[in-house]
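This report refers to the structure that appears directly beneath it.
The values are calculated or read from the model by the stated rules, or taken from the named source; none is laboratory data. All of these numbers come straight from a predicted model, not from anything done at the bench. Here the Cβ is made from the backbone with ideal geometry for all residues, glycine too, and neighbour counts use every protein chain on show. What goes into the accessible areas is simple: the full protein's heavy atoms, side chains included, and nothing from ligands, DNA or RNA. Shrake-Rupley method; radii C 1.70, N 1.55, O 1.52, S 1.80 Å.
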Amino acid sequence: MSDPFELNDDIPFEPAKPYVPAAPPPPPMWLDKLNPEQKEAVLATEGPVLVLSGAGTGKTRVLTARLGYILSQRMAKPWQILAVTFTNRAAREMRDRVTALVGPAAEAIWLGTFHALGVRILRRHAEAVGLRSNFTILDADDQMRLLKQLMEADDIDSKKWPAQGLMGVIQRWKDRGLTPDRVGSGAGTEYAAGRALALYRSYQDRLKTLNAADFGDLLLHCLTVFAQQPEVLKQYQDQFRYVLVDEYQDTNVSQYLWLRLLTQTHRNLCCVGDDDQSIYSWRGAEVGNILRFEKDFPDAKVVRLERNYRSTPVILAAASHLIAHNEDRLGKTLRTGHEGDVEKGAPVKVRGVWDGAEEARWVVDEIEALQRAGHKLPEICILVRAGFQMLEFEERLITTGVPYKVVGGPRFYERLEIRDAVAYLRLIHQPSDDLAFERIVNKPKRGLGDTTIQKIHVLARRLDIPLVEAALRMVETDELRPAARTALRTLASDFDRWRSLKDTAPPSELAAQVLEEAGYTAMWQADKSPEAPGRLDNLREFVSGLDEWDNLAGFLDHVSLVMENDAAAGQDSITLMTLHAAKGLEFDSVFLPGWEEDIFPSRRSLEESGQKALEEERRLAYVGLTRARKRVHVSFAANRRVYAQWQSSIPSRFIDELPKDAVEQVMDAGLYGNQGGSSGWGLSDSGGSRSGSGYRRPQRMVDADEWQSTPIKASEHGFKIGDRVFHEKFGYGLVEEIDGSKLAIAFDKSGRKKVLDSFVVPS
């Protein structure tokens, strides 16, 4: 028997005749407002069509105009059109726009997200996959609870094999259209000591018993229905005369199969997307879906939308030149869509600075300058590659009083892992902090169940004492199980030890020790969920940021003020977000900090996926550039503190891939040698090896009179007054005095310190 999921491209397609009324209405007047390429994409209604829509070229306008045109010309009934988006917001916007064009008829279009349309079909045919029509869709918490139960019943070590990791494996299988009987060897089957596939099968069986489905099932079950009941598939193939898909470059395999099956009769499939903006492979998106469209449909019509109505010609030239370095792309070149003489616009400013703190100061200074010049804060955005980069910008924005909001996630100090870390420090500083105790008493898990916590609360209320004191009293009784008493006694001992260090150990060292000894860091290291690496990054940045504080009390006061410093509702503010969260948005001015090797492109991504990851990182840079309407500021630091460790940095290869005539170089004196490289940053045009790049550490500049008045005195290891040095704990500084092997150094961040010369190295 042939595989029901195999798409047979050998079967000749017989396009159904479109529904044409005897006297077609005249074309709507709003068609004349489209440019030639947009109009071509709208009028190409029959057969497969790929609309390659570059950033800012009006893809939403094309989609809605195409829907409106099909309905206005009575080529199909509203319920014979299927339009798929990726977000509910995009679906609402599209429906509103189509309604404005053709009226209430738009309400009957099958328009929504993949999940919404999948569940609509599945509720009609739930029995075919062992469910009832009123099945429940489980949220993430319910899914995890169910999976944990199954793993516990199967005696799987949850510390070695966290449930979050197994859920990630299962969801990847579902994204690829793989039911348990279709999963082959490898592909994650080794997880949970080789029990992953058996647990996947048990998980699916349990979902059916509960009459439930998770989000991955909504399309996977549809594929099963279509495979097992061809008459059902034919019903939908006959119904949907026209299928339109937005953001096609972000589809996964299940979505791809679902679309291919539904369009095999009429083949009027119009996919709108941009392969240069495919940046979600970590969510299961397959850029190959859009790259092989013409192979899937040899008779496909491809329309390129290259007229950008958002950005200046300079920004477009920079973005196009950068993305042209990708080999795996269909190819297009953005140009301005405005008629007549168009101002070229300000060049892309590339700024080199000494370190991350200076970068944050410079960015915020530029923002304040724009504000003074009359630019509105909501039209300004800072886009970072990774969430951990946000802390320095948030601290600087708070210090200067510039209102800001974080899009796509909480502010740094509002993140779950940072709140937990702060709670540990609060409880060290103030043992009576009941809220902090409640938050961390069982993080990580210490075997303290709800019953134990409730008994502690009861005693605390009865005696009017803090929870910590109540817990200590209960440890000395038989009120609790032996395991719970041992866990509480150990925790109390840990806090006594940490508390004894709070007045002598630097806050950063104390925090690192607490998170390590409490097992909190290990908890996230063992967590295999997609969020875990980012949480660990944030914790490292949190510890690193504590270097700025002399004592724990001052830091905790600062955090309290930060948490109360939220921008008032409706107040104008700049936007701070990651590049991934910025897709689809636009701003007058965009700041792109941290363009350095290992940060952008991400070292972690390159190590995991090599050239494929590099091309996606470059697409991410392209997305960042094309968010800007008028101004782009790219910056990099010669030195950056990453997770409490200072490291030398070299500019990202992406900077050297920007065209010279579109870039204005602004660099602090002495940061880099200008020894070749198309952009003058000392990097090769190929973006290959970084050795011999011309990079050198900055040196202190002094005039002739100063040299003449400076005694030439060397320490035992050869250091002289005026030398710039690096210390593992205190960072970079300048030697001011020498006494044998002792140096008095003015450190950039830590002030004046006396250290042994054997503890520093030349910088």
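When you scan the range 223-232, do you find a residue that is in contact with a Ser or Thr (Cβ under 6 Å, 6 or more places away or on another chain) and either within 30 Å of A55 (Cβ to Cβ) or touching a residue at least 40 places away in the same chain (Cβ under 8 Å) (or both), even just one? Can you show your working first?
Just the residues of the range 223-232 that are in contact with a Ser or Thr (Cβ under 6 Å, 6 or more places away or on another chain), to begin with: none.
So far as the range 223-232 goes, no, none of its residues is in contact with a Ser or Thr (Cβ under 6 Å, 6 or more places away or on another chain) and either within 30 Å of A55 (Cβ to Cβ) or touching a residue at least 40 places away in the same chain (Cβ under 8 Å) (or both).
Is it the case that L210 is under 27 Å from D154 (Cβ atoms) and open to solvent by 10 Å² or more (accessible area, probe 1.4 Å)?
Values: under 27 Å from D154 (Cβ atoms): yes; open to solvent by 10 Å² or more (accessible area, probe 1.4 Å): yes.
Yes; evaluated as a whole, the condition is true for this residue.
With the structure loaded, tell me whether V755 is over 30 Å from E615 (Cα atoms) and at pLDDT 50 or above or whether it fails that test.
Yes.
Restricting to the range 466-491, what's the tally of residues that are under 28 Å from N538 (Cβ atoms) and either surrounded by 13 or more Cβ atoms within 10 Å (Cβ to Cβ) or at pLDDT below 90 (or both)? Can you show your working first?
Applying the first criterion (under 28 Å from N538 (Cβ atoms)) to the range 466-491 yields 467-468, 487, 490-491.
Still in the running and either surrounded by 13 or more Cβ atoms within 10 Å (Cβ to Cβ) or at pLDDT below 90 (or both): 467-468, 487, 491.
Residues meeting the conditions: 4.
Listed here are the residues, each with its yes/no results for (1) modelled with pLDDT under 90; (2) open to solvent by 10 Å² or more (accessible area, probe 1.4 Å).
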position	(1), (2)
L370	no, yes
S432	yes, yes
A436	yes, no
P444	no, yes
D464	yes, yes
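Scan the range 413-430 for residues that are touching a residue at least 24 places away in the same chain (Cβ under 8 Å), open to solvent by 10 Å² or more (accessible area, probe 1.4 Å) and within 21 Å of L397 (Cα to Cα) and jot them down. Show your work before the answer.
Applying the first criterion (touching a residue at least 24 places away in the same chain (Cβ under 8 Å)) to the range 413-430 yields 413-418, 420-422, 424-429.
Those still in the list that are open to solvent by 10 Å² or more (accessible area, probe 1.4 Å) too: 413-416, 422, 426, 429.
If the condition is that a residue be touching a residue at least 24 places away in the same chain (Cβ under 8 Å), open to solvent by 10 Å² or more (accessible area, probe 1.4 Å) and within 21 Å of L397 (Cα to Cα), then Y413, E414, R415, V422 are the ones that fit.
With the requirement that a residue be of a type in the set (D, E, K, R), open to solvent by less than 10 Å² (accessible area, probe 1.4 Å) and assigned to a strand (DSSP E or B), what does the range 581-630 give you?
Matches in the range 581-630: E596 only.
Does R535 fit the bill of being in a helix (DSSP H, G or I) and either in contact (Cβ under 8 Å) with a residue 40 or more places away in the chain or surrounded by 17 or more Cβ atoms within 10 Å (Cβ to Cβ) (or both)? Spell out how you get there, then give the answer.
Numbers: in a helix (DSSP H, G or I): yes; either in contact (Cβ under 8 Å) with a residue 40 or more places away in the chain or surrounded by 17 or more Cβ atoms within 10 Å (Cβ to Cβ) (or both): yes.
Judged against the criteria, R535 is a match.
Among the residues of the range 372-384, write down those that are open to solvent by 40 Å² or more (accessible area, probe 1.4 Å) and within 18 Å of the chain's Cα centre (by Cα). Steps first, answer last, please.
The initial filter retains those residues of the range 372-384 that are open to solvent by 40 Å² or more (accessible area, probe 1.4 Å), namely 372-376, 378-379.
Of everything in the range 372-384, nothing turns out to be open to solvent by 40 Å² or more (accessible area, probe 1.4 Å) and within 18 Å of the chain's Cα centre (by Cα).
Would you check if Q255 is within 28 Å of the chain's Cα centre (by Cα) and part of a helix (DSSP H, G or I)? So that I can check it myself, show each step before the final result.
Numbers: within 28 Å of the chain's Cα centre (by Cα): yes; part of a helix (DSSP H, G or I): yes.
It is true that Q255 is within 28 Å of the chain's Cα centre (by Cα) and part of a helix (DSSP H, G or I).
Looking at the range 102-130, I want the residues that are on the phi > 0 side of the Ramachandran plot and have a partner that is surrounded by fewer than 19 Cβ atoms within 10 Å (Cβ to Cβ) with Cβ atoms under 6 Å, at least 6 apart or on another chain. Which pairs are those?
Going by the 6 Å Cβ cut-off, the qualifying pairs are G130/K208.
Please list, ordered by residue number, the strands (runs of 3 or more DSSP E) wholly in the range 35-141 having 3 or more residues that are within 17 Å of Y242 (Cβ to Cβ) and either touching a Leu at 6+ places or on another chain (Cβ under 7 Å) or open to solvent by less than 10 Å² (accessible area, probe 1.4 Å) (or both). If you could, list the steps in order and put the result at the bottom.
Values: elements: 49-53, 81-85, 110-113.
So the answer is 49-53, 81-85.
Taking only pairs six or more apart or across chains, which ones have beta-carbon atoms under 7 Å, a first residue in the range 604-629 that is in contact (Cβ under 8 Å) with a residue 40 or more places away in the chain and within 25 Å of T336 (Cα to Cα), and a second residue that is among the acidic types (D, E) and part of a helix (DSSP H, G or I)?
Cβ pairs passing all conditions: R619/D276; Y622/D276.
Consider the range 338-357. How many of its residues are touching a strand residue (DSSP E or B) at 6+ places or on another chain (Cβ under 7 Å) and either assigned to a strand (DSSP E or B) or open to solvent by 40 Å² or more (accessible area, probe 1.4 Å) (or both)? Steps first, please.
Restricting attention to the range 338-357, the residues satisfying the condition of being touching a strand residue (DSSP E or B) at 6+ places or on another chain (Cβ under 7 Å) are 342, 345-356.
The next check asks that each one be either assigned to a strand (DSSP E or B) or open to solvent by 40 Å² or more (accessible area, probe 1.4 Å) (or both); those that pass are 342, 346-353.
So the answer is 9.
Does D238 meet the test of being of a type in the set (D, E) and open to solvent by less than 20 Å² (accessible area, probe 1.4 Å)? Write out each step before concluding.
Working: of a type in the set (D, E): yes; open to solvent by less than 20 Å² (accessible area, probe 1.4 Å): no.
The answer is no for D238.
In the range 637-663, what residues are part of a helix (DSSP H, G or I), open to solvent by less than 20 Å² (accessible area, probe 1.4 Å), over 13 Å from P593 (Cα atoms) and out of contact with any Leu (no Cβ under 6 Å at 6 or more places or on another chain)? Walk me through it before giving the result.
Taking the range 637-663 and keeping what is part of a helix (DSSP H, G or I), we get 653-656, 660-662.
Applying the additional criterion that residues be open to solvent by less than 20 Å² (accessible area, probe 1.4 Å) yields 654-656, 662.
Narrowing further to those that are over 13 Å from P593 (Cα atoms): 656, 662.
Passing the criteria: only A662.
Step by step: first the residues of the range 145-156, then only those that are over 13 Å from L210 (Cβ atoms) and crowded, with 17+ Cβ neighbours inside 10 Å, then the one that is nearest to the chain's Cα centre (by Cα). Which residue is that?
Within the range 145-156, the subset over 13 Å from L210 (Cβ atoms) is 148, 151-156.
Then keep just the ones that are crowded, with 17+ Cβ neighbours inside 10 Å; that gives 148, 151, 156.
Working: K148: 27, M151: 29, I156: 31 Å.
This residue is K148.
Does the range 288-333 hold any residues that are over 27 Å from the mean Cα position of the chain (by Cα), farther than 14 Å from V272 by Cβ and basic (K, R), and which are they?
K295, R307
Give me a count of the residues in the range 395-412 that are surrounded by fewer than 19 Cβ atoms within 10 Å (Cβ to Cβ) and either under 18 Å from the mean Cα position of the chain (by Cα) or free of Cβ contacts under 8 Å to residues at least 24 places away in the same chain (or both).
7
Tally time: how many residues in the range 285-308 are open to solvent by 10 Å² or more (accessible area, probe 1.4 Å) and more than 14 Å from K612 (Cα to Cα)?
The number of residues fulfilling the criteria is 12.
Report, by residue number, each residue of the range 160-174 that is touching a helix residue (DSSP H, G or I) at 6+ places or on another chain (Cβ under 6 Å) and either open to solvent by 20 Å² or more (accessible area, probe 1.4 Å) or among the charged types (D, E, K, R) (or both).
Across the range 160-174, the qualifying residues are W161, K174.
Which residues, taken from the range 374-401, are of a type in the set (A, V, I, L, M, F, W, C) and farther than 24 Å from E596 by Cβ?
Restricting attention to the range 374-401, the residues satisfying the condition of being of a type in the set (A, V, I, L, M, F, W, C) are 377, 380-384, 386, 388, 390-391, 393, 397-398.
Across the range 374-401, the qualifying residues are L377, I398.
Which of the residues belonging to the range 241-267 are open to solvent by 40 Å² or more (accessible area, probe 1.4 Å) and closer than 21 Å to A91 by Cα?
R241
State whether one or more residues within the range 305-321 are free of Cβ contacts under 8 Å to residues at least 40 places away in the same chain and among the hydroxyl-bearing types (S, T, Y).
The answer is yes, given that some residue of the range 305-321 is free of Cβ contacts under 8 Å to residues at least 40 places away in the same chain and among the hydroxyl-bearing types (S, T, Y).
Grab the helices (runs of 4 or more DSSP H) fully contained in the range 270-337, keeping just those with 1 or more residues being hydroxyl-bearing (S, T, Y). Explain how you work it out, then say what you get.
Numbers: elements: 288-291, 293-296, 313-323.
Of the helices (runs of 4 or more DSSP H) lying wholly inside the range 270-337, those with at least 1 residues that are hydroxyl-bearing (S, T, Y) span 313-323.
For G718, indicate whether it is modelled with pLDDT of 50 or more, assigned to a loop (DSSP other than H, G, I, E, B) and not charged (D, E, K, R). Reasoning before the result, please.
Numbers: modelled with pLDDT of 50 or more: yes; assigned to a loop (DSSP other than H, G, I, E, B): yes; not charged (D, E, K, R): yes.
Criteria met by G718.
Is it the case, given these coordinates, that E438 is closer than 30 Å to K583 by Cβ, out of contact with any strand residue (DSSP E or B) (no Cβ under 9 Å at 6 or more places or on another chain) and not in a strand (DSSP E or B)? Explain how you work it out, then say what you get.
Values: closer than 30 Å to K583 by Cβ: no; out of contact with any strand residue (DSSP E or B) (no Cβ under 9 Å at 6 or more places or on another chain): yes; not in a strand (DSSP E or B): yes.
Spelling it out, it is not the case that E438 is closer than 30 Å to K583 by Cβ, out of contact with any strand residue (DSSP E or B) (no Cβ under 9 Å at 6 or more places or on another chain) and not in a strand (DSSP E or B).
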